[in-house]
Amino acid sequence: MYSARMNGRALFLSWLIVGTLLSGCASPRIVPESMELLVDRTASFREVLASPESFKGRVLVLGGEVLHAKRLKDGTQIELLQLPLEDGEEPSLDRQQSQGRFLALQREFLDPATMVAGTRVTIVGEVSGAKTERLDDIEYRYPILILKHLHVWPAQSYGRQQPGFPIGGYGGMGVGGGGFRLGF
């Protein structure tokens, strides 16, 4: 009886561990489910950059790197270097792939100090037109998106290759002999 109870507990514990490991591997949802049907995935950034007014009102998912953030009287403006989205809607690390810049406006208070230059983000935003501002010695026409959702990526995301050597481990578990063993 004791052995059967232990085997049952061991089986339950093993399923719990496997379930936890698998759920830890699942990628988080970047675009909230409630917004997914609103998103226009047919528009390219190049098209929006060329004619922001013709995309006015459309909701897009864009990736980018924060260049600058500043407080405005009616919100916060974030200047972003557009970066193509890769797996999991994560912006590319390759700045050479950028097709330009855009502005994201947060209507509620967002402290510009929290949007540090170099931070990679994925945004869901509604195109609201364009704004011309100085960029060094030229006038640059920025597409503007009103932020609906902002996902900030950690400085170094998991799954990216890092310089150096890999560190590995091993583990296993087994059930038998009236006991439970878990090793790592």
Which numbered condition residue 95 fails, given (1) modelled with pLDDT of 95 or more; (2) in contact with a Ser or Thr (Cβ under 9 Å, 6 or more places away or on another chain): (2)
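Any residue at all in region 109-116 that is buried (at least 20 other Cβ atoms within 10 Å of the Cβ) and within 20 Å of residue 28 (Cα to Cα)? Lay out the reasoning, then the answer.
Filtering region 109-116 down to residues buried (at least 20 other Cβ atoms within 10 Å of the Cβ) leaves 115.
From what's left, within 20 Å of residue 28 (Cα to Cα): none.
No, that holds for no residue.
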Pair list, Cβ under 6 Å, 6 or more apart: region 45-60 residue closer than 16 Å to residue 99 by Cα, other residue open to solvent by 40 Å² or more (accessible area, probe 1.4 Å) and of a type outside the set (Gly, Ala, Ser): 45/99; 46/99
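Within region 110-159, work out how many residues are out of contact with any strand residue (DSSP E or B) (no Cβ under 7 Å at 6 or more places or on another chain) and polar (S, T, N, Q).
Keep residues of region 110-159 that are out of contact with any strand residue (DSSP E or B) (no Cβ under 7 Å at 6 or more places or on another chain), which gives 111, 113-114, 134-138, 154-159.
Those left that are additionally polar (S, T, N, Q): 114, 156-157.
Count: 3.
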Search result, residues across region 72-106 that are touching a residue at least 40 places away in the same chain (Cβ under 8 Å), open to solvent by less than 30 Å² (accessible area, probe 1.4 Å), within 17 Å of the chain's Cα centre (by Cα) and over 14 Å from residue 146 (Cα atoms): 90, 91
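The values are calculated or read from the model by the stated rules, or taken from the named source; none is laboratory data. Not measured: the values here are computed from a predicted model. When we count neighbours, we look across all protein chains shown, and the Cβ atoms used for this are built from the backbone with ideal geometry, even at glycine. Keep in mind that these areas ignore ligands, DNA and RNA; they rest on the heavy atoms of the full protein, side chains included. Shrake-Rupley method; radii C 1.70, N 1.55, O 1.52, S 1.80 Å.
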